[in-house]
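Inspection log for the structure reproduced underneath, given as structure tokens.
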Amino acid sequence: MNDTHRPPAQASAPFRGGLGLPVGIAGTGVHIPDQVVTNADLVAHLDTSDAWIRERTGIRERRFLRQGETTSDMCVAAAEAALADAGVGAAALDAVIVSTFTHDQPLPSTALMVKDRIGAHRAIPLDLNQAACAGGVYGMWLAAHLLQNMELDSVLVIGAEALSRCTDPQDRATRVFFGDAAGAVVLRRTRPGHGILAWHADSRLSHAVEIPAGGSRRPASAETVADRAHFLKMDGRVVWKEATEHLPASVEEVVAAAGVRVADVDRFVFHQANLNIVREAMLALGQPMDKAAVSVDRLGNTGAATVFVGLHESLAQGRVRSGDLVVVSAIGAGFLWGSLCIRHWAGAGASADEGAEASAEAGAEASAEAGAADGASGAEG
């Protein structure tokens, strides 16, 4: 068929909604490398200044892995901390989800490496390789939907990046923004009315943030290495525009879907692209900055780990307690973005399945009643 006769392409529709069975956070953990890299350390090798970095990014330092340390090492440490916090043994896990695009190597699977090392021998390993900085939100979304199956009980979600390994030491447009870290959460079913109340996700293809080489389009070669095409490339202006547009809009979508107001939210956990983007999002939402979790000033942009770090620190500092409303929102290269609205309950897991089963039974009864009513209506017609 001629191109002129083809119907116009349809724009992707955003996904939004809630869960049939309530799923919440049972435990959190992080791993932060011990090697501190200050702005002064970077300025010695880049055409920039500490003042420029602080003004444009809000970052004063970040952490880099030491030689010989890997992404999977960070994943294991964060996972073990989250499991201890949740009181869940690795052997009880049903799935291990790892979001990273800085894996140790293309094969074997990072999630498989991690589950093997922590002893989660019966868990299904799942890798989210291309959700990038939105990987925390997308990983929790996936885990929550897996837990709609009553045969599953506990899912571990990890976000980790070793961004010091894929940013060009000679490129100030990327090198100053990023750091290394890992974060993890254990998700389990929780009491009705708590956990993930609603979710929103959307995407639109862009090459404004990419690693041009290393795949089937530009396989690794002497030429791609000479072109420095295996390093992360980023158009900062496009990132600013996309993030400041989509993050607040996604938050507004998810709180509306949850039936609450933006002002009702006790804690905002945004992806930490840079401090100015977080400030702009909070300004657009009309909320005070002290409601927002901030780690970017100390850790830089740690990709898929950022929202897990924000959740962990907020809980550890008492900024999130049982009953509090939390919105987790992120945007990543691609672009992919999304948000979760969570009513936190510290007792997620343990006796939660009793409530979940009651909720499932109530839903089944309601569906049966609705079906009977539809049948009666059809008979009358």
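A Gaussian network model of the chain, with springs between Cα atoms under 10 Å, assigns the largest mean-square fluctuation among Pro219, Pro22, Pro169 to Pro219. Applying 0.36 nm per residue to the separation of Leu283 and Asp266 and subtracting their alpha-carbon distance, the gain on full extension is 4.6 nm. In the chain, the calculated helix contribution to ellipticity at 222 nm averages -11000 deg cm²/dmol per residue, counting -39,500 (n - 2.57) for every DSSP H run with n ≥ 4. For the pair the range 195-254 and the range 99-126, the centres of their Cα atoms are 23 angstrom apart. Using a Gaussian network for the chain with springs between C-alpha atoms less than 10 Å apart, which of these wobbles most: Ser329, Ser339, Ser221? Top of the fluctuation ranking is Ser221. Cβ-Cβ distance of His145 and Ser49, R₀ of 56 Å, FRET efficiency by 1/(1 + (r/R0)^6): the value works out to about 0.75.
For the chain, set up a GNM with springs between Cα atoms under 10 Å and report which of Val238, Val157, Val251 has the largest fluctuation. Greatest mean-square fluctuation among the candidates belongs to Val238. Taking a ≥ b ≥ c as the square roots of the eigenvalues of the Cα gyration tensor, an a/c ratio of 1.5 or more together with a/b no larger than b/c marks the range 20-352 as oblate. For the listed peptides 182-193, 79-90, a ranking on the average number of other beta carbons within 10 Å per residue, highest first, reads 182-193, 79-90. Shown for the chain are the DSSP H helices of 27 Å or more along their axis, judged by Cα atoms, with a mean Kyte-Doolittle hydropathy of at least -1.0: 236-258, 352-380.
Quick note: the coordinates plus some simple rules give every number you see, no bench work behind them. Given the structure is predicted, the values throughout are model-derived calculations rather than measurements. Every residue, glycine among them, receives a Cβ derived from its backbone with ideal geometry; neighbour counts consider all protein chains shown.
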